[in-house]
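Right, one structure below, let's go through it.
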Amino acid sequence: MSERIIPLIDERLASLPARLPAVPIAATGHLTDRLQRPLSDLRISVTDRCNFRCSYCMPKEVFDKDYAFLPQGALLSFEEITRLARQFVAHGVRKIRLTGGEPLLRKNIEILIAQLAALRTPGGQPLDLTLTTNGSILAQKAQALKDAGLQRVTVSLDGLDDAVFRQMNDVDFPVTKVLAGIEAAQRAGLTNIKVNMVVKRGTNAHEILPMARHFKGTGVVLRFIEYMDVGATNGWRMDEVLPSAQVIELLKTELPLVQLSPSASGETAERWGYAGASGQHDAVLGEVGVISSVTQAFCKDCNRARLSTEGKLYLCLFATQGHDLRTLLRTQASDEELASAIGHIWQGRVDRYSELRASLPPDSTVGAGAKRVEMSYIGG
Ligand code: SAM
Ligand code: SF4
Ligand code: SF4
């Protein structure tokens, strides 16, 4: 076992109560936090379980056969998730991403997708509904997901070389099955498909160019993600982070790129388009993205809330505690009370961990080594 694994302390037990403010906060479709950031993106974790053991997320030394995953009764039901999601939408959420753990492992996930796909914004628009998956059972599920109302999907894939991929998922899962899942998603009519590759220097950086060559011109947008210091178990080290600027330099040695403007405010990825013979972006060749969560903080536009599998609201990926909405749900709170509690929590938000990371003292309660919640629990 690696000596760099830090023992897990179960932070899921700690939570902050979701309080009802003295003056109710009605949902107006526009809710801002203390740094004037709107709430517009909700990530919902539907399970804390996964069939992979990616070392940067669920190292198998910690998430072993004795690991206590959440019991069934602790999970929000689909009806509870949808009821909460409706309040978030009333506050201005336009985009919902289902995640986990591995979201496709949650039984009958299509039923939840159908419920969420039926939600409408206050202006009557459907939501931008998507899901992040490791792709392992996507080939079997893609059509059912699309039929239930899913519009698009993001697949995580850390390399094309089978040996590298099997080592990174750490359960000996073959890359061909994930590639088949991506193709099935395309055939099923899911659009705007993205592939996320976490880059770890010394592990899969040599897969950057093969991945780019493979997905160029396929309509799939490949995005390179800097390896992050999320959670408290992955033994993160800065020297294993390959800065996005270096990823772009490497790509440019072989594939001409031009920078594109962001597609939306709060967009985490910097976009680069493949240039054609004219030197301009050629839409047929497509684009790649880099997500520089470590070297370039994007907290100032962070509009993302995260709902854990058991109904805790987290205001930042690096938070140590969530706000317990499940107790409110299960003690007969009205929709107005749920909306008011969510409004109160978001209005108090000051989180901006990535901006602070560099200046935090080593013993900070939010800094490196703090008992932060795991990515597999809160969702990516
Ligand atoms: N199991 C699904 C998957 O892998 O796509 C969904 C959950 S996973 C936690 C969501 C995303 O977080 C994945 O794209 C994964 O690569 C990314 N991720 C997990 N740990 C990470 C880390 N330490 N740094 C950067 N990205 C990470
Ligand atoms: Fe599972 Fe996704 Fe985490 Fe990998 S990144 S262990 S697939 S939850
Ligand atoms: Fe948002 Fe927290 Fe990430 Fe900053 S560190 S971008 S506040 S999730």
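The values are calculated or read from the model by the stated rules, or taken from the named source; none is laboratory data. What you are looking at is a predicted structure, and each value in this text was computed from that prediction instead of being measured. Because the Cβ atoms are built from the backbone with ideal geometry, glycine has one as well, and the counts that use them run over all protein chains shown. Side chains included, ligands, DNA and RNA excluded: accessible areas come from the protein's heavy atoms. Shrake-Rupley method; radii C 1.70, N 1.55, O 1.52, S 1.80 Å.
A few notes on this one:
- Cα centroid of the range 87-126 to Cα centroid of the range 199-256, whole Å: 29 Å
- Here the extension length gained between T295 and K177 equals 39.2 nm, from 0.36 nm per residue of separation less the Cα-Cα distance.
- When the range 16-378 is described by a simple charge dipole with +1 on each Lys and Arg Cβ and -1 on each Asp and Glu Cβ, the residue from L257, Y274, Q332 located farthest towards its positive end is Q332.
- Given +1 at the Cβ of Lys and Arg, -1 at the Cβ of Asp and Glu and no other charges, the dipole of the chain around its Cα centre is 660 debye to the nearest 20.
- Placing unit charges on the Cβ atoms only, positive for Lys and Arg and negative for Asp and Glu, gives the range 137-235 a dipole magnitude near 380 debye about its Cα centre.
- Sulfur and carbon atoms: percent of accessible area, the chain [1.4 Å]: 53 percent
- The lysines within cross-link reach of K312, meaning a Cα-to-Cα straight distance under 19 Å and a gap of 8 or more places when in the same chain, are K95, K371.
- Overall form of the chain per C-alpha gyration tensor (a/c, 1.5; a/b vs b/c): rounded
- Positive end of the dipole of the chain (Cβ unit charges, origin at the Cα centre): among Y377, L31, P17, the Cα lying farthest that way belongs to L31.
- Annotation: amide H of R43 within the under-5 Å range of R97, A305, R306, L307, sequence separation 5 or more or interchain, hydrogens built in the peptide plane.
- Loop-located GluC sites (Glu not before Pro) in the range 224-299 (DSSP state not H, G, I, E or B) with no more than 10 neighbouring Cβ atoms inside 10 Å: E254.
- Between Q36 and I111, the distance separating the two model label sites (each 7 Å from Cα on the Cα→Cβ line) works out to 4.5 nm.
- 1.4 Å probe accessible area per residue over the chain, in Å²: 42 Å²
- Residue ranges 19-26, 66-73, 101-108 sort as 101-108, 19-26, 66-73 when ordered by packing (mean number of other C-beta atoms within 10 Å per residue, highest first).
- GNM result for the chain, Cα springs below 10 Å: residue of Q321, Q125, Q140 fluctuating most strongly: Q125
- Less than 5 angstrom separates the built amide H of K200 from those of A205, all sequence-distant by 5 or more or on a different chain.
- For the chain, the mean residue ellipticity at 222 nm estimated from helices alone is -7000 deg cm²/dmol, where every DSSP H run of n ≥ 4 contributes -39500 (n - 2.57) and the total is divided by all residues, rounded to the nearest 500.
- Global geometry of the range 25-97, whether rounded, prolate or oblate, following the gyration tensor of its Cα atoms and the 1.5 cut on a/c: prolate
- FRET E, pair L20, R120, Förster distance 25 Å, beta-carbon r, rounded to 0.05: 0.45
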